[in-house]
Amino acid sequence: MNERSAYLAFNLTAGIGPNRLRALIDHCGSAVAAWQASADDWRAAGLDRRSIEALHKAHGRLDLAAEWRAIETAGLQVILLDEPDYPPLLRQIDAPPPLLYVRGTLVDTDRWAVAVVGTRNATPYGREVTYKIAGDLASAGVTVVSGLALGIDAIAHRATLDRSGRTLAVLGSGLGTIYPPQHRALADEIAEQGALISEYAPTSAPLSGNFPARNRLISGLALGTLVVEAGERSGALITVQFALEQGREVFAIPGSILSRASDGPNQLLVDGATPIRAVEQLLAQLNLDQAVAQQAVAAIVPDTPTEAALLPLLSGEPTHIDVLGRSSGLAAAEIAATLGLMELKGMVRQVGGMHYVLAREAAAPYSGKHNPRADI
């Protein structure tokens, strides 16, 4: 057994989520050692009786060679947390999935991503706004992330596909169990022009408890989350709460105070979310207004040792170029040239007076008075 197979085995075991797996690996030293450990070791790592029983059963029933064959036959990729293809924005969240199943492709430019979410019962206004905003995001070179659900999610995916853009759909089921089933054709298109993503085993059913957890991936894959329409108890507001916890920005589309479908975003605006009337506002807030140009530069200019030396020295706090020089020991001319390229790539921003910040480190302005977790 290797590490990949051990991670797969744990993923196929009921009740072993990211935190429990991390505790097992920390205690045992590796995923393989954790899988092959004794019940006493599992108990010492903090597992309860039910989890230990689930692991015993999994040892007796899993045929990992057959599982890998089934994954390959289904055309799926398995990406581990420490592998290069794992989405970098998702790696930054608390308790990221140790393993992702992917159908389609993930590319480096998916780090320029915005989540577009909302109600399943979209009004004509919500449908029109979603189609326009998502389509405009796609035309601007931004990846659109959503959840393949009825209503706003599906419209966001559809608009992106129609503009030949990239879109990622995060499922609350396994990739072999598309939900809702009427979106199978849409899912096929998304896999051709982006990716379907799930942390659940391919045959996993769309259990109700999966969807709140799924929402943390939707927000985690994106720089910001836009709520178009949502009732006061909408699952889209759970995505908002995760976005806030992850330090990502929250945006909302203003709607009529007479429309229940706009109760959610209107309350978010009262609480401090950024109102969006046109895609240009959203792009500017996320420093994505030059996304297409940034992607073109990123595609032709590789990362360099100088970039690697400067990145750890930058943060959301402005840092003067002279401080970077003293800290890195690099020549001023080399630093200036590298920062110029990094700015074109969208990695850093100059904020005046030769001070620089990481472009993705701006804190979300919304403080989050509403607690959608109470609505689960």
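Listed values, structure above:
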item: Within region 276-325, considering residues that are touching a Lys or Arg at 6+ places or on another chain (Cβ under 8 Å) and assigned to a loop (DSSP other than H, G, I, E, B), the one modelled with the lowest pLDDT; result: VAL301
item: Within region 188-216, considering residues that are out of contact with any helix residue (DSSP H, G or I) (no Cβ under 9 Å at 6 or more places or on another chain) and either among the aliphatic types (A, V, I, L, M) or not in a helix (DSSP H, G or I) (or both), the one farthest from ALA95 (Cα to Cα); result: ALA191
item: Output for region 111-120, where each listed residue is surrounded by fewer than 21 Cβ atoms within 10 Å (Cβ to Cβ) and either under 22 Å from GLY176 (Cα atoms) or not charged (D, E, K, R) (or both); result: none
item: Cβ pairs under 7 Å, 6+ apart, first in region 90-111 and within 20 Å of ASN11 (Cα to Cα), second surrounded by 23 or more Cβ atoms within 10 Å (Cβ to Cβ) and among the basic types (Lys, Arg); result: ILE93/ARG216
item: Residue tally, condition among the β-branched types (Val, Ile, Thr) and modelled with pLDDT under 95, over region 92-104; result: 1
item: Residue list for region 81-110, restricted to those being surrounded by fewer than 18 Cβ atoms within 10 Å (Cβ to Cβ) and either under 12 Å from the mean Cα position of the chain (by Cα) or not in a loop (DSSP other than H, G, I, E, B) (or both); result: PRO88, ARG91, GLN92, ASP94, ASP108
item: All positions within region 181-195 that are small (Gly, Ala, Ser) and loosely packed, with under 14 Cβ neighbours inside 10 Å; result: ALA185
item: Any hit, region 124-144, residues being within 13 Å of the chain's Cα centre (by Cα), in the same structural domain as ALA191 (by TED's automatic domain parsing), surrounded by 14 or more Cβ atoms within 10 Å (Cβ to Cβ) and outside any helix (DSSP H, G or I); result: yes
item: Matching residues, region 112-123, being part of a strand (DSSP E or B) and either among the small types (Gly, Ala, Ser) or without any contact (Cβ under 8 Å) to a residue 12 or more places away in the chain (or both); result: ALA113, ALA115
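Residue by residue, here is whether (1) within 15 Å of ILE152 (Cβ to Cβ); (2) touching a residue at least 60 places away in the same chain (Cβ under 8 Å); (3) crowded, with 22+ Cβ neighbours inside 10 Å holds:
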residue	(1), (2), (3)
THR203	no, no, no
PRO206	no, no, no
GLY220	no, yes, yes
ALA236	yes, yes, yes
VAL240	yes, yes, yes
GLY247	no, yes, no
VAL250	no, yes, yes
ILE253	yes, yes, yes
LEU258	no, no, no
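One line per residue, one yes/no per condition, for (1) outside any loop (DSSP other than H, G, I, E, B); (2) modelled with pLDDT of 90 or more; (3) of a type in the set (D, E, K, R):
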| residue | (1), (2), (3) |
| --- | --- |
| LEU330 | no, yes, no |
| ILE335 | yes, yes, no |
| LEU341 | yes, no, no |
| VAL357 | yes, no, no |
| ALA363 | no, no, no |
| SER367 | no, no, no |
| ARG373 | yes, no, yes |
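The values are calculated or read from the model by the stated rules, or taken from the named source; none is laboratory data. Predicted, not measured: the structure shown is a model, and the values here were computed from it. No Cβ is skipped: glycine too gets one built from the backbone with ideal geometry, and neighbour counts run over all protein chains shown.
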